[in-house]
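Novice: Just dropping this structure here.
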Amino acid sequence: MSSTLQGFLSTSMSANMGDVSEETQDFAIEAWHEDGRWSIASLPDPDDLTHIIDRLKKQQTNGGAVALIAIDDEFFLAIRVLGTHVKFFISDITCAIDYEVAAEFLELADIDQPEEDDEPLPAGDLDIFSDLGLQSMELSTICDDADLFPDEQIEAIASRLGFGDDLAELLES
């Protein structure tokens, strides 16, 4: 995990929960594209998917809104709202076996729950960012890179979409 993200998580934890001995690895950001530029903000609760979707729907922008959510050092979720259409993507479907938030995500996305012997593969709309320049093969490659943690995968996606510097600035603040 990058030191920038670790600092963000530590600051976020102490600001939101007081003195806690155990750090969480979860974080969520929202990004929206309007008039040729990206804006981003942190989301308060990475596990509250319904609230995240509602927030994205309130971003009435011409480019839609995106949420990128890292859960532990295991997987990430992407949600994109464009008008009334909601797209879903999970980096590893098998995480729904062990993580309630991933199981809820699959239910919201109307994706079948995995079986114990399923392969750890991405699921959902692989073309979630295609119109923004991140094609399905590139997204799949990011997910398949065993050397990247979910926060680093999100950083790669943000950089490819054009708000990597904004994300780094948000995580540093």
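Novice: Of the residues 108, 167, only one is under 17 Å from residue 87 (Cβ atoms), touching a residue at least 12 places away in the same chain (Cβ under 8 Å) and touching a Leu at 6+ places or on another chain (Cβ under 9 Å); which?
Specialist: Just a single option satisfies the conditions, and that option is 108.
Novice: Of all residues in the range 126-158, which are among the acidic types (Asp, Glu) and surrounded by 14 or more Cβ atoms within 10 Å (Cβ to Cβ)?
Specialist: Selection gives 138, 151, 152, 155.
Novice: Also, I was wondering about something else. Considering (1) more than 21 Å from residue 165 (Cα to Cα); (2) surrounded by fewer than 15 Cβ atoms within 10 Å (Cβ to Cβ); (3) small (Gly, Ala, Ser), say which one residue 123 fails and leave the rest.
Specialist: The one condition residue 123 does not meet is (2).
Novice: Kindly indicate the residue of the range 45-82 that is assigned to a loop (DSSP other than H, G, I, E, B) and under 13 Å from the mean Cα position of the chain (by Cα) and also surrounded by the most Cβ atoms within 10 Å (Cβ to Cβ) among those meeting that condition.
Specialist: Ranking the qualifying residues of the range 45-82, first place goes to 46.
Novice: Right, here's the next one. Return the pairs, sorted by first residue and then second, in which the second residue is among the aromatic types (Phe, Trp, Tyr) and open to solvent by less than 60 Å² (accessible area, probe 1.4 Å), the first residue lies in the range 112-130 and is in contact (Cβ under 8 Å) with a residue 12 or more places away in the chain and part of a loop (DSSP other than H, G, I, E, B), the beta carbons are less than 9 Å apart, and the residues are 6+ apart or on different chains.
Specialist: Final answer for the pair search is 120/75; 122/89; 125/88; 125/89; 126/89; 128/88; 128/89; 129/89.
Novice: List, please: which pairs have Cβ atoms under 8 Å, are six or more places apart or on different chains, and start with a residue in the range 43-54 that is farther than 20 Å from residue 167 by Cβ and in contact (Cβ under 8 Å) with a residue 12 or more places away in the chain and end with one that is among the small types (Gly, Ala, Ser) and surrounded by 12 or more Cβ atoms within 10 Å (Cβ to Cβ)?
Specialist: The qualifying pairs are 53/67.
Novice: Restricting to the range 83-94, count the residues that are open to solvent by less than 10 Å² (accessible area, probe 1.4 Å) and in a helix (DSSP H, G or I).
Specialist: Of the residues in that region, 0 qualify.
The values are calculated or read from the model by the stated rules, or taken from the named source; none is laboratory data. This structure is a prediction, so every number in the text was calculated from the model and none was measured. Note that each Cβ is placed from the backbone with ideal geometry, even for glycine, and that neighbours are counted across all protein chains shown. Side chains are part of the model used for accessible areas, which takes the heavy atoms of the whole protein and leaves out ligands, DNA and RNA. Shrake-Rupley method; radii C 1.70, N 1.55, O 1.52, S 1.80 Å.
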